[in-house]
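To keep things clear, I will list the structure first and then write my remarks on it.
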Amino acid sequence: MSTELPAESVVAIATVIAALIASAISFVNLTLTKEQKTSEFRQIWIDALRQDLASFFATARAFARASQEQKLFGGGSKEGAPLALTEEKISDLRYQIAETRYRIQLRLNPKEIEHLELLRLMQVAIEKQQQMLAGKGDTDAIMKAIEVAAEYAPQILKSEWERVKKGEIPYRLARNWVAPIMFFGSFFFIILLWVEKIKI
């Protein structure tokens, strides 16, 4: 049976629907704002990680070359040593490598396989350097280890950038499901009120 709603009922239903729509809009806006800020922080994190990785690889290479020349020429003060790095400078390079290595480690997620693999490759490069300092390795092995790690690192940066572009999961849910449902639900109830009829 179909009956026409009295004006009071129409007003009451419209008030309830308006309140529901307002609540849904507030929820969507809050979610979008929060997740947008999360994406901004993630982008800052990516940029900082990229800088730390570049610093680590560049410093590791410089340290490898300096160690090689120290071994060949007996220190930076020797004539003919192209890099002419002192013991103090080499010590500074070692500190920079350790500092950036731990900064990178603190930025990465120990639960993600790709992140653990990058740390492992970086550790291999460090171990190769330690071997050379102990007289058991050479510069080529260090350079190769550094390049392997450097070639792997962009995979992490790319995957994180893809995550930024897609947005966080709550953001995607709000954008792809909550907002459309809210729109079509509101449209349906507006049409229902417009005809002022309901089946009971």
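Laboratory data are not the source of any read-out in this text; all were calculated from the coordinates shown. Note that this is a predicted model, so its numbers are computed, not measured. So basically every Cβ, Gly included, is an ideal-geometry build from the backbone, and we count neighbours across all protein chains shown.
Overview of results
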{"item": "Net length gained if the chain between residue 91 and residue 19 were fully extended (0.36 nm per residue, minus Cα distance)", "result": "19.3 nm"}
{"item": "Which listed pairs, of 89/158; 37/158; 89/111; 89/128, have C-alpha distances above 28 Å, in listed order", "result": "89/158; 89/111"}
{"item": "Peptides 94-102, 106-114, 55-63, 128-136 ordered by average Cβ neighbours within 10 Å, highest first", "result": "55-63, 94-102, 128-136, 106-114"}
{"item": "Förster radius 30 Å - calculated FRET efficiency between residue 26 and residue 106 (Cβ-Cβ, nearest 0.05)", "result": "0.25"}
